[in-house]
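Novice: Sharing a structure with you now.
The values are calculated or read from the model by the stated rules, or taken from the named source; none is laboratory data. Since this is a predicted model, take the numbers as computed values, not measurements. As a convention, Cβ positions derive from the backbone with ideal geometry for all residues, glycine included, and neighbour counts pool all protein chains shown.
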Amino acid sequence: MKRAALLIVEYLLGFLALALFAYLAFSAGTASDERFVFAFKVSGCVALAELAVLFSRTAPANRLIVGAQGERRRVRVGSIVLLAAVLAALAASVRFRGTVQWAAVVPVIALSWVNRLLRRSVSSGA
């Protein structure tokens, strides 16, 4: 029971920075550039703390945060594809600035899907 609770806390910790960013950027009405910058700075500090906690573990709980396992070459190729997807999500966010669904929600969901597909292909050896 204690181990299950610890795993749940570790999993949720992996999304704390994202949730904090969304709260700070969008909770007080219309989003502005100043609020985005403030939210980014604050959640960036929280993300660094998350990484420190996750890297201190021998078996990190959240591979979305700290990478995938598998053959070295496949992991590298997957990392490059994921980086390209992040750059595409950034471009979409800049292009659709001001429209929360297209600038924030869709890119984050798309990155999650790309990560899941890459994780499956790396771990299965496909």
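Novice: Step by step: first the residues of the stretch 86-101, then only those that are in a helix (DSSP H, G or I) and at pLDDT below 85, then the one that is surrounded by the most Cβ atoms within 10 Å (Cβ to Cβ). Which residue is that?
Specialist: The selected residue is Val100.
Novice: Between residues in the stretch 1-21 that are assigned to a helix (DSSP H, G or I) and residues that are of a type in the set (Lys, Arg), which pairs lie under 9 Å by C-beta distance while being six or more apart or on different chains?
Specialist: Glu10/Arg57
Novice: List every residue pair whose Cβ atoms lie under 6 Å apart, where the two residues are 6 or more positions apart in sequence or sit on different chains, the first residue falls within the stretch 94-110 and is outside the structural domain of Gly29 (by TED's automatic domain parsing), and the second residue, located anywhere, is outside any loop (DSSP other than H, G, I, E, B).
Specialist: The qualifying pairs are Phe96/Trp102; Phe96/Ala103; Arg97/Ala103; Ala103/Ser93; Pro107/Ala89; Pro107/Ala92; Pro107/Ser93.
Novice: Right, another one. Among the residues of the stretch 33-60, how many are in a loop (DSSP other than H, G, I, E, B) and either modelled with pLDDT of 80 or more or surrounded by 15 or more Cβ atoms within 10 Å (Cβ to Cβ) (or both)?
Specialist: Count: 1.
Novice: So, in the stretch 91-119, how many residues would count as being within 19 Å of Leu24 (Cβ to Cβ) and aliphatic (A, V, I, L, M)?
Specialist: Number of matching residues: 5.
Novice: Step by step: first the residues of the stretch 111-126, then only those that are more than 17 Å from Ala22 (Cα to Cα) and either assigned by TED's automatic domain parsing to the domain that holds Ser32 or modelled with pLDDT of 80 or more (or both), then the one that is surrounded by the fewest Cβ atoms within 10 Å (Cβ to Cβ). Which residue is that?
Specialist: So the residue we want is Trp113.
Novice: With respect to Val75, determine if the residue is at pLDDT below 80 and either outside the structural domain of Leu7 (by TED's automatic domain parsing) or out of contact with any helix residue (DSSP H, G or I) (no Cβ under 8 Å at 6 or more places or on another chain) (or both).
Specialist: yes
Novice: Would you pick out the residues in the stretch 6-32 that are within 12 Å of Val100 (Cβ to Cβ) and surrounded by 12 or more Cβ atoms within 10 Å (Cβ to Cβ)?
Specialist: Result: Ala22, Ala25, Phe26, Ala31.
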